[in-house]
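The values are calculated or read from the model by the stated rules, or taken from the named source; none is laboratory data. All of these numbers come straight from a predicted model, not from anything done at the bench. Reconstructed Cβ throughout: ideal geometry from the backbone, glycine too, with neighbour counts over all protein chains shown.
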Amino acid sequence: MLQVPEKSPASGGFLRRLAGVKDVMARLRSDRAALRAVLMIGGVILVALVSGYLWFTGGRYASTDNAYVRAAKLMVSTDVSGIVSEVDVREGQLVKKGDVLFRIDPTAFRIALDNANAQLAQTALSIDAMKEDYRRMLSDIAAQQAQVDLAQSNFDRSASLIKSNVASQATFDQNRFALEAAKRTLQALKDQSKVQLAKLNGDPDIPTSRHPQYLQAKAQVDEAQRQLDHTTVRAPFDGIVTQVSQLQPGTYLVSQTAALTNSGAVGLVSRDNLWIDANMKETDLTWVKQGNPVTITVDTYPGQEWRGTVESISPATGAEFSILPAQNASGNWVKVVQRIPVRIKVESKPEDPPLRAGMSVTVDIDTGHRRSLRDLF
């Protein structure tokens, strides 16, 4: 007869532990299924919330990295030609408005000014002489008028005597010719006085400083003085000097081409008059308007931000100002999103790092516009 072996205490404990492990695994599978369901539903809800937030706030900011720092810059030269005598600045020097940049040899211009002053003095003397000459002509007219009156009396006397056969015909003719000559001389003197009066601009007592000839000579003096003043070239605004090495003492500066060549001018870049030109896509400008606040980051200074405002929006795209505008009239026309320049005023602080013309920047324009559910329909 077969006998069933009795279970030992050790085997019974093993079975109980095995059953417990099975219960734990079952509970884990149940919890994992519940967690999977929670994650799936929660993930969909999170994605929907994030997408909704991004959509509602997405229309508020207009951004671009196609933007650059601009500054007022100028090739400073002069409108007079001459030999450069000295250069008073060095490359990268900070100058104030009115500081001397370089000088042209003033000798020839001083001589021209002295000559103009001498011509002015000579003109004043000539005008005074014309006024005195006019007064002399008036005296000559008065004296000649007396001669006419005398000749008229002699003629009248001869005419009455010849009727009574007391005077001869020769005496009568002589007095008649003398009267005609005296009248013609008087008329000539009057004509001369009219010419002289015209030279005095119709006013015999005209002040010398108001006479046209004096004004003309004075203008020549002013022009000579202006040219002499322009031999000293000064900074028109505060800024940093550049392109100095090309201008050396001894160079002959030709005024007509000075600003077109590095050898006839000094570059000056402003430190205060800075702005940003951002080339925005036309599709990003729907809500952008003048006065919108702007956040500015510069590639050169990571982590540093500047504040600014939209100063103006160009009335035309950049392509409208190009020398060869794009032509899309052919059959293979392709629509291209255009860029419209937006000028942004930068609000710099004394502790901010220096901005230099040409730096690449990224701008974020806060339009203040928020999307609503009406935009979905």
Original post:
Any residue at all in segment 108-115 that is within 27 Å of residue 252 (Cβ to Cβ), at pLDDT 90 or above, among the polar types (S, T, N, Q) and part of a loop (DSSP other than H, G, I, E, B)?
Top reply: no
Original post:
Restricting attention to segment 358-377, and to residues there that are modelled with pLDDT under 90 and in a loop (DSSP other than H, G, I, E, B), which single residue is farthest from residue 288 (Cα to Cα)?
Top reply: 377
Original post:
Yes or no: residue 90 of a type in the set (Lys, Arg) and without any contact (Cβ under 8 Å) to a residue 40 or more places away in the chain?
Top reply: no
Original post:
Could you say whether any residue in segment 229-247 is under 30 Å from residue 103 (Cα atoms) and of a type in the set (Asp, Glu)?
Top reply: yes
Subject >> Given (1) in a loop (DSSP other than H, G, I, E, B); (2) surrounded by 13 or more Cβ atoms within 10 Å (Cβ to Cβ), index of the condition residue 183 fails >> reply: (1)
Subject >> Conditions (1) closer than 30 Å to residue 267 by Cα; (2) part of a helix (DSSP H, G or I); number of the one not met by residue 102 >> reply: (2)
Subject >> Residues (among the charged types (D, E, K, R) and surrounded by fewer than 16 Cβ atoms within 10 Å (Cβ to Cβ)) located in segment 78-98 >> reply: 79, 86, 90, 91, 96, 97
**OP:** Mind listing just one residue for me: the one in segment 128-152 that is within 30 Å of residue 209 (Cβ to Cβ) and of a type in the set (Asp, Glu) and, of those, surrounded by the fewest Cβ atoms within 10 Å (Cβ to Cβ)?
**Re:** 132
**OP:** Determine whether segment 51-62 contains at least one residue that is modelled with pLDDT under 90, over 30 Å from residue 291 (Cβ atoms) and either out of contact with any Phe, Trp or Tyr (no Cβ under 9 Å at 6 or more places or on another chain) or in a strand (DSSP E or B) (or both).
**Re:** yes
Subject >> residue 186 hydrophobic (A, V, I, L, M, F, W, C), modelled with pLDDT of 90 or more and under 41 Å from the mean Cα position of the chain (by Cα) >> reply: no
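Each row is one residue, and each column tells you yes or no for (1) aliphatic (A, V, I, L, M); (2) outside any helix (DSSP H, G or I); (3) at pLDDT 90 or above.
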| position | (1), (2), (3) |
| --- | --- |
| 131 | no, no, yes |
| 151 | yes, no, no |
| 154 | no, no, no |
| 173 | no, no, no |
**OP:** Have a look at 121, 224 and point out the one that is among the hydrophobic types (A, V, I, L, M, F, W, C) and either touching a strand residue (DSSP E or B) at 6+ places or on another chain (Cβ under 6 Å) or farther than 30 Å from residue 99 by Cβ (or both).
**Re:** 121
Subject >> Of residues in segment 300-354 being out of contact with any Asp or Glu (no Cβ under 7 Å at 6 or more places or on another chain), at pLDDT 90 or above and small (Gly, Ala, Ser), the one surrounded by the most Cβ atoms within 10 Å (Cβ to Cβ) >> reply: 314
Original post:
What is the one condition in (1) modelled with pLDDT under 90; (2) of a type in the set (D, E, K, R); (3) under 30 Å from residue 299 (Cα atoms) that residue 36 does not satisfy?
Top reply: (3)
